[in-house]
Amino acid sequence: MFSLPYNKKWIDVFIPEKNIVRIITPRKINPIVNLPQAINNALEKPVDNLSFDSFLQKGDRVVIIVSDITRYTGAELFLPYLINRINRRGISDKKVSIVFSLGIHRPMTFKEQKMIVGDEIVDRIRMENHSLKNDNQLISLGKTKRGTPVIINRRVAEADKIILTGTLGFHYLAGFGGGRKSIIPGVAAYDTCVANHLLVLDPVKSGRHPQARAGNLKGNPMHEDMMEAGRFLPPSFLFNTILSPDYGILSLVVGNWEKAFYRGCQFVDQYFKVPIPQKADLVIASCGGFPKDINFIQAHKTLDYAMNALKPGGVMILVAACPEGLGHPDFLSWLRFRELSEMESELRNNFQINGQTAYATLLKAKRANIFLLSELPDSIVRSMSMTPVHSIEEALSKAYQLLGENPSTYVIPNGSVTLPWIEEES
């Protein structure tokens, strides 16, 4: 027996003893014990020698970009140290603002903002949700060489210094999250987000761009476009965390926003990319619980990574509660398409970011049998070309009916941070 996270609880899973099961987990590393000391050391001696104190000048207007409720970063732990350090450079709280990098996500409530930053900071620092369609909040800075309009939150763009916070891990399109994703899509205009995401479609033939995938930066057009756009902004400093599956802070990625980001990606590769000898008939994957399975759009990341471990035509059991539904109203409209060619044609003519996620979902549903254990209505699950199940027992029963009683099986308890990897396919 083993247990899988599901929203804010655990689900017990019983698999017959005769079945050979491999649990796929990241390498074990202990969280930082003395976080205040680690933060101070990292700020004084980052990987590229750009110390936090030398980055800031007295009187600077500083904007700290902070992730939203869909991803935990440890902000309530590190923000007080960052802001106190800013104060030591002669910059008062009034000169500091927090902008939440919502991207295309819904606005957050004040209660959610407080949950993210903690009681101390909420009473000290001005905070605002980024709004990607509020023209009064946006400013155009130019275009990238790929034609992406760099339209950014005005408060961010007009700051003297920017601090990018968040957590660094895999991303199913941009290769890795964190770093420059605080800017695009985090605090960018809708048109900017759309143009950047459109790059994940192959410009020559049908389908996705082959390099726009999890764990890959080389030749990844989405990543390269984000990095170029980030250079349009005022000087930026990176402070990203790398978290364990249970949200312990394993490492701090600190310094120049470009150099430190690449160093952080190396760390994530080392500990969270898990080599496997071959693909399995059956993969059981949990997102890791709340907030990683807060909605289907977030849960899809786990589905994407876990597919690396599944044979074509195999069975995927995705354990993702999705208490807030699909994640965006746009997603539902794309489910009217049941054929990849039709959806891709519409996507190229009328691109929407959530349409791209729907396309990626359908692509996987055509390659495998996907059983979704969630709180979503059965009709919605079926419209995604998946099979709804209402218990893990039901899911396993259906899987064994298709695969026989002893399929090769992988279990991935924390699928949102784990990337199975077959070296010869890389």
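Listed values, structure above:
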{"read-out": "Solvent-accessible area of R106 with every protein chain in place, 1.4 Å probe, in Å² to the nearest 10", "value": "90 Å²"}
{"read-out": "Lysine pair number, Cα distance threshold 20 Å (strictly under), segment 85-224, separation 8 or more or different chains", "value": "12"}
{"read-out": "Segment R146-S3, extension gain: residue separation times 0.36 nm, minus the distance between their alpha carbons", "value": "46.9 nm"}
{"read-out": "Angle between the chain longest axis and helix 296-306 axis [Cα atoms, degrees, rounded to 10]", "value": "70 degrees"}
{"read-out": "C-alpha long axis of helix 392-403 to longest principal axis of the chain, angle in °", "value": "60 degrees"}
{"read-out": "With DNA, RNA and ligands ignored, accessible area of H390 (1.4 Å probe; Å², nearest 10)", "value": "120 Å²"}
{"read-out": "Hits among lysines - C-alpha to C-alpha of K311 under 19 Å, sequence gap 8 or more where chains match", "value": "K273, K279, K301, K364, K366, K398"}
{"read-out": "Kirkwood Rh and Cα Rg combined as Rg over Rh, evaluated for segment 54-199", "value": "0.96"}
{"read-out": "Stretch gain in nm, segment K28-R106, where the contour uses 0.36 nm per residue and the Cα spacing is subtracted", "value": "24.6 nm"}
{"read-out": "Solvent accessible area, Å² - R336, 1.4 Å probe, full protein context", "value": "140 Å²"}
{"read-out": "Dmax and Rg, reported as Rg then Dmax, of segment 118-224 (C-alpha, Å)", "value": "15.5, 53"}
{"read-out": "Gap separating the Cα centres of segment 1-53 and segment 123-149, nearest whole Å", "value": "32 Å"}
{"read-out": "Degrees, to the nearest 10: 259-272 long Cα axis against longest axis of the chain", "value": "30 degrees"}
{"read-out": "Segment 251-331, accessible surface, carbon-and-sulfur percent (1.4 angstrom probe)", "value": "48 percent"}
{"read-out": "nm² value of the averaged projected area, convex hull over the Cα atoms of the chain", "value": "19.7 nm²"}
{"read-out": "Accessible area of the chain divided out per residue, in Å², using a probe of 1.4 angstrom", "value": "41 Å²"}
{"read-out": "Overall Cα dimensions of segment 222-301 - principal axes, largest extent first, Å", "value": "48, 28, 26"}
{"read-out": "Beta bridge orientation in the chain: antiparallel %, DSSP, nearest 5", "value": "30 percent"}
{"read-out": "Alpha-carbon Debye profile of segment 2-107, log10 I(q)/I(0) at 0.10, 0.15, 0.16, 0.20 Å⁻¹", "value": "-0.51, -0.86, -0.93, -1.18"}
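The values are calculated or read from the model by the stated rules, or taken from the named source; none is laboratory data. Computed from a predicted structure; not experimentally measured. With ligands, DNA and RNA removed, areas are computed over all heavy atoms of the protein, side chains included. Shrake-Rupley method; radii C 1.70, N 1.55, O 1.52, S 1.80 Å.
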